[in-house]
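Nothing in this text is a laboratory measurement; each read-out follows from the coordinates by a stated rule. Note that the structure is predicted; figures quoted are calculated from it, not measured. Here the Cβ is made from the backbone with ideal geometry for all residues, glycine too, and neighbour counts use every protein chain on show.
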Amino acid sequence: MTRGYYWLIFGLSIPAFIWLVPTIWMVSLSFQPNDLLARTTSSTALGLIPFPFTPDNYIALFRFGQVPMWFLNSLIVSVGMTLAVLAVSTTAGYALARLDFPFKTPIIILCLMGLMVPEQAVFIPLYTMFSDWGWHNSHHALILPRVAVPIGVFLMMQFFKAIPKDIEEAARIDGVGWLQIFWYVMLPLARPAMMTLAILTFLYAWNDYLWPLVSAQQREYFTITLGLASIQSNFAQAEGLGRVMASGVIASLPVVVLFLIFQRYVVRAMTAGGTKG
Amino acid sequence: MTRYQGTRLALTQRQAAAILLLPFLTVYAVFLVYPFFKGVWISLHDWNLMAVAFNPDAKSYVGLSNYERVMWGSNITWGAWASPGYQFFGLLGLGTSVLLYRTGRAGKVTALAIGIASLLLFVLPGFHPGEDGRWYDRRFWPTVGNTILFVGLAVPGVTITAMLLAAALDGETRAKAVLRTLFFLSQVLSVTVVTLIWQIMFSPRQGLIANVTELVGGSPIVWLTAEGFAMASIVIATIWWSLGIAMILFLAGIQDISKDLYEAGALDNATGAKAFWYITLPNLKRTITLVVVLQIILHFQVFGQSHLMTNGGPNDTTQVLVRYIYQTAFRDSELGRASAMAVFLFVIMGGFSILQFVLGREKDQ
């Protein structure tokens with residue numbers, strides 16, 4: 001390691017710290033008493049150190065208010081969406097990558113075209129459809145629209161295409177059916193790709209804002225992302241800054257933990273989602 | 001292979017494919033293909049959300065008049081100097097694309113894309129109401145302009161910062177890995193957490209930025225409600241939020257550059273900034289284009305930052321397209337007009353998606 005290297009790291013630590021400051025500040029404010037925050041947000045070290053320290057905001061959050069319910073909704077919607085996306089994407093991805101059937105190319109092109117349609121181009125018609133069916137304010141209404149986005153199918157298709165054919169052919173010679181090959185041979189191989197897709201979907205579901213904003217009008221069906229939006233516009237008066245910040249920390253906790261544990265998958269998932277979706 | 005014995009169903013390949021494809025294709029048809037065409041259909045109607053909810057027949061077919069009411073006006077004329085700011089950049093872009101292509105610094109597709117975008121930037125702002133004329137919808141084109149301005153500020157901001165960081169943080173050491181994690185972290189947060197943090201960061205009374213300005217003796221800026229600063233604020237929050245993916249893409253691009261080039265460069269005394277300028281940058285052309293196109297697609301759909309941080313204000317200066325669609329549909333109940341705008345959005349996004357696809361294909365070859 002040269003001297004220049006240490007200078008580089010030192011030089012980059014400063015912007016990295018500045019980059020982290022907003023997040024640190026949110027966490028720090030969430031641990032300070034509300035009556036103090038009403039007077040000043042910079043009591044110790046510009047407010048970056050939570051002193052005087054109190055866990056009251058978090059306790060209040062779980063005692064009163066709807067944050068725990070929103071959190072649960074987010075969990076149900078995100079897990080539900082992840083499972084549904086995995087189910088339809090692995091099956092369709094395998095069929096498109098490995099099986100031979102009529103109209104295969106047109107189907108692939110039709111699915112590719114779906115990648116061009118942004119959520120904002122379909123959210124109005126989806127709203128009217130779900131209204132007609134009386135589906136709004138439910139978990140499945142928040143889940144289903146994203147299951148139709150073909151990105152997962154393409155991720156899985158590309159993955160299955162890269163698996164050598166002889167594995168499959170050996171099983172075929174043994175007389176194994178296609179569905180059994182998919183289930184017993186291909187799916188176990190596909191675990192890394194499924195993991196990437198699962199994380200991509202979970203992050204999307206947890207962080208989605210526009211569709212829940214349109215579809216979930218009753219507060220009982222808010223996701224945490226939507227609920228947080230509903231309390232941040234009047235943060236100072238209604239709940240106290242500390243409590244709103246604590247809600248923000250709670251809302252970020254699952255995705256940040258996911259990121260820290262599965263960093264490599266998360267990075268891969270987000271770049272895959274970014275480059276193809 | 002005994003465990004397969006009992007489950008041997010004599011399915012043909014076609015039958016298996018049908019079974020495996022059916023779940024996805026059903027969901028795809030019902031929740032994406034059908035809504036897409038229904039959206040176009042709604043845009044051809046005078047369709048009030050409330051009225052149609054009570055009486056499904058309360059809509060009427062009006063042809064393309066929603067598009068006219070959104071995008072056109074009475075007595076619209078075209079002038080080459082009607083909106084000099086945008087049009088100047090349009091001409092500049094046209095010149096750049098020709099120059100880039102001639103000098104071989106950009107591929108055909110890239111040059112063509114820049115050329116088309118610049119041509120639109122020159123032609124579209126040229127339309128303006130003549131004498132006694134007016135736009136039917138006064139807010140639509142300024143909203144599109146704001147969206148383009150937002151994209152025009154956020155995309156270069158993210159791209160340049162991410163590229164420099166990636167160049168500095170490329171390497172296998174532990175310290176660099178930690179720094180990469182720190183810079184990527186904000187990317188996983190949701191838009192509502194990001195706006196929550198930055199609303200309070202920018203707050204003139206409680207904000208960290210105001211606290212720092214006061215500490216050094218300045219007077220705090222009312223970031224989110226001052227016309228000159230509101231757009232800058234949401235751009236800053238956006239850059240903070242969405243740097244990570246761009247940085248990762250650049251890191252991947254940098255790792256693809258052969259190490260031999262740097263070794264050869266080092267012999268010619270090209271290290272550090274020089275190596276970045278003469279070796280890294282020219283070899284990153286493809287990645288730069290990819291990142292820019294991706295960011296344009298991503299940021300053109302901006303909604304939360306404007307909706308939550310500035311409410312589109314002050315004086316509509318941060319009103320963006322998706323927020324205008326949302327308000328027209330769900331506050332004004334005018335689904336027809338909102339859908340026409342959504343189709344407009346789709347056309348723009350679709351154009352960039354095709355460009356992205358073509359660029360991706362080029363890369364594979």
Taking a ≥ b ≥ c as the square roots of the eigenvalues of the Cα gyration tensor of the protein assembly as shown, is the shape rounded (a/c under 1.5), prolate (a/b larger than b/c) or oblate? rounded
Would you work out the relative contact order for chain A, in percent, from Cα pairs under 8 angstrom that are 6 or more residues apart? 31 percent
Whole-Hz Karplus couplings 3J(HN,Hα) for segment A:62-70, θ = phi - 60° and coefficients 6.51, -1.76, 1.60, Gly and Pro as x, run 8, 7, 10, x, 10, 4, x, 5, 4
Could the peptides B:251-264, B:168-181, B:116-129 be put in order, highest first, of the mean number of other beta-carbon atoms found within 10 Å of their residues? B:116-129, B:168-181, B:251-264
Amide H contacts of B:GLY313 (H built 1.01 Å from N, under 5 Å, at least 5 apart or other chain): B:THR318
Non-local residues with an amide H under 5 Å from the amide H of B:GLY73, with H modelled 1.01 Å from N and Pro and chain starts lacking one, are B:TYR136
Does segment B:278-365 come out rounded, prolate or oblate, given a ≥ b ≥ c as the square roots of the eigenvalues of its C-alpha gyration tensor, rounded meaning a/c under 1.5 and, failing that, prolate meaning a/b above b/c? oblate
Which ³J(HN,Hα) values, rounded to whole Hz and listed in residue order, are derived for segment B:141-147 from phi using the Karplus coefficients 6.51, -1.76 and 1.60 in 6.51 cos²θ - 1.76 cosθ + 1.60 with θ = phi - 60°, glycine and proline given as x? 5, x, 5, 4, x, 4, 4
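So how do A:LEU99, B:LEU91 line up by other beta-carbon neighbours within 10 Å, fewest first?
Ordered by Cβ neighbours within 10 Å, fewest first: B:LEU91, A:LEU99.
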By count of other Cβ within 10 Å, fewest leading, how are B:TYR28, A:TYR184, A:TYR265 ordered? A:TYR184, A:TYR265, B:TYR28
Residue-wise HN-Hα coupling along segment A:209-216, computed from phi with Karplus coefficients 6.51, -1.76, 1.60 (Hz; x: Gly, Pro): 10, 5, 5, x, 4, 7, 8, 9
Do any chymotrypsin sites (Phe, Trp or Tyr not before Pro) in segment A:55-117 lie in a DSSP loop with no more than 14 other beta carbon atoms within 10 Å, and if so, which? A:PHE64, A:PHE103
Please compute, for peptide A:89-101, the average count of beta-carbon atoms on other protein chains lying within 10 Å of each residue's beta-carbon. 5
Please sort by residue number the trypsin sites (Lys or Arg not before Pro) in segment B:56-157 whose DSSP state is loop and whose Cβ has at most 16 other Cβ atoms within 10 Å. B:ARG105, B:ARG138, B:ARG139
With a 10 Å cut-off between alpha carbons and a GNM built on chain A, which of A:GLY242, A:GLY114, A:GLY177 moves the most? A:GLY177
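If packing is taken as the mean number of other Cβ atoms within 10 Å per residue, what is the order of B:269-278, A:250-259, A:197-206, highest first?
My ranking of the peptides, most packed first, is A:197-206, A:250-259, B:269-278.
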Using alpha carbons only, how many angstrom separate the centre of segment B:26-54 from the centre of segment B:165-221? 41 Å
Distant-in-sequence amide H partners of B:PHE127 (H built 1.01 Å from N, under 5 Å): B:GLY79
Once you order the gyration tensor axes a ≥ b ≥ c over the Cα atoms, which shape class does segment B:114-179 get: rounded for a/c under 1.5, otherwise prolate or oblate by comparing a/b with b/c? prolate
Post the alpha-carbon centroid distance, segment A:90-134 to segment A:168-212, in whole angstrom. 17 Å
